[in-house]
Amino acid sequence: NDWPGWPHALVALAGARHELGQWDSCAELVDGRIEQMATYQSAALVDFVYLGSECAGQLADKVRSQGLRAKGLAFVTRLLDTAALSVDDRSEGMRVARELDLALGNRDAANAWARKQRRVLDDATRVATSAKERMTYNWPRAEVYTFLGVAHELVSDLKRSVDELP
């Protein structure tokens, strides 16, 4: 843990196992290292949990799969509650928490995450000081508005973004 790149190396290893379809090995890696990764207090944890959830979803043992997802959700929630994250990283954490809640059958909790994510992104867009900065939130805003079934509410903002950019 003395090497500053170790969290990203673990994410890369989980990603490689995911890409190779090594579902059990990927899930085992995430399950075995999630507590260590959580001590790092960075968005790398979100990526790690996301990969673990994707791998867990491919496991035949659904109890194990749901257990890993619940564990991942607890760690991502704690990270969102305690860490100083950028807007982008906070938004991504909320998206992953939403997906985890959906996978666990918690639709109401997933909707709550989406509403929080929308507020975070809308607030960041409002205080952005340039068209380029506002543009960085277009994709996650479009995704979360679509999830909430209100994509039409974003159309005018997206048109303004197009008009503002070269």
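The values are calculated or read from the model by the stated rules, or taken from the named source; none is laboratory data. In this text the structure is predicted, and so the values were computed from the model without any measurement. Please note: Cβ atoms are built from the backbone with ideal geometry, for glycine as well, and neighbour counts cover all protein chains shown. Note: accessible area is taken over every heavy atom of the protein model, side chains too, but ligands, DNA and RNA are not part of it. Shrake-Rupley method; radii C 1.70, N 1.55, O 1.52, S 1.80 Å.
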Tell me, in nm to one decimal, what length is gained between D88 and A70 on full extension, where the rule is 0.36 nm per residue of separation less the Cα-Cα distance? 4.2 nm
For D88, the accessible surface traced by a 1.4 Å probe with all protein chains present amounts, in square angstrom to the nearest 10, to 80 Å²
Over the stretch 73-143, relative contact order from alpha-carbon pairs under 8 Å, at least 6 apart, %: 26 percent
For the stretch 117-134, Karplus-derived ³J(HN,Hα) couplings (6.51, -1.76, 1.60; θ = phi - 60°; whole Hz; x for glycine and proline) come out as 4, 4, 4, 4, 5, 5, 4, 5, 5, 4, 9, 4, 9, 8, 4, 5, 5, 4
With the Cα gyration tensor of the stretch 48-102 giving a ≥ b ≥ c as the square roots of its eigenvalues, does the rule (a/c under 1.5 for rounded; else a/b larger than b/c for prolate; else oblate) give rounded, prolate or oblate? prolate
Top of L154, L51, L13 by mean-square fluctuation, Gaussian network on the chain, Cα under 10 Å: L154
Result for the chain: accessible area per residue, probe 1.4 angstrom, in square angstrom, of 53 Å²
Under the Karplus relation 6.51 cos²θ - 1.76 cosθ + 1.60, θ = phi - 60°, what is the ordered set of whole-Hz ³J(HN,Hα) values for the stretch 141-151, x standing for Gly and Pro? 5, 4, 5, 6, 4, 5, 4, 6, x, 10, 4
Just by accessible area at a 1.4 angstrom probe, what is the order of S86, S91 from largest to smallest? S86, S91
Under the Karplus curve 6.51 cos²θ - 1.76 cosθ + 1.60, θ = phi - 60°, whole-Hz ³J(HN,Hα) for the stretch 43-55, x wherever Gly or Pro sits: 5, 4, 4, 4, 4, 4, 5, 4, 4, x, 5, 4, 5
Correct option for volume of the Cα convex hull per residue in Å³ [calculated from the coordinates] among (1) 165; (2) 117; (3) 132: (3)
Relative contact order, percent, the stretch 1-60 [alpha-carbon distance under 8 Å, six or more residues apart]: 43 percent
Cut-off 10 angstrom, C-alpha nodes, Gaussian network model of the chain. Which of A14, A43, A84 fluctuates the most? A84
Shape call for the stretch 6-77, from the Cα gyration tensor axes a ≥ b ≥ c (a/c under 1.5 means rounded, otherwise prolate when a/b beats b/c, else oblate), comes out oblate
Assigned charges on the beta-carbon of Lys, Arg, Asp, Glu; the stretch 82-166 dipole about Cα centre (debye): 140 debye
Determine the share of the stretch 1-137's accessible area contributed by carbon and sulfur atoms, expressed in whole percent, with a 1.4 angstrom probe. 51 percent
Apply the a/c threshold of 1.5 to the C-alpha gyration tensor of the stretch 69-149 and tell me whether it is rounded, prolate or oblate. oblate
Would you tell me the accessible area of V87, worked out with a 1.4 angstrom probe on the heavy atoms of the protein chains, in Å² to the nearest 10? 50 Å²
Counting helices only, and only those DSSP H runs with n ≥ 4, report the 222 nm mean residue ellipticity of the chain as the sum of -39,500 (n - 2.57) divided by its residues, in deg cm²/dmol to the nearest 500. -25000 deg cm²/dmol
Simple spin-label estimate for E143 and D108 in nanometres, 7 Å along Cα-Cβ: 2.6 nm
Which residue fluctuates most in the GNM of the chain (Cα springs below 10 Å): K116, K71, K132? K132
Compare R107, R17 by solvent-accessible area with a 1.4 Å probe and give them largest first, with all protein chains kept in place. R107, R17
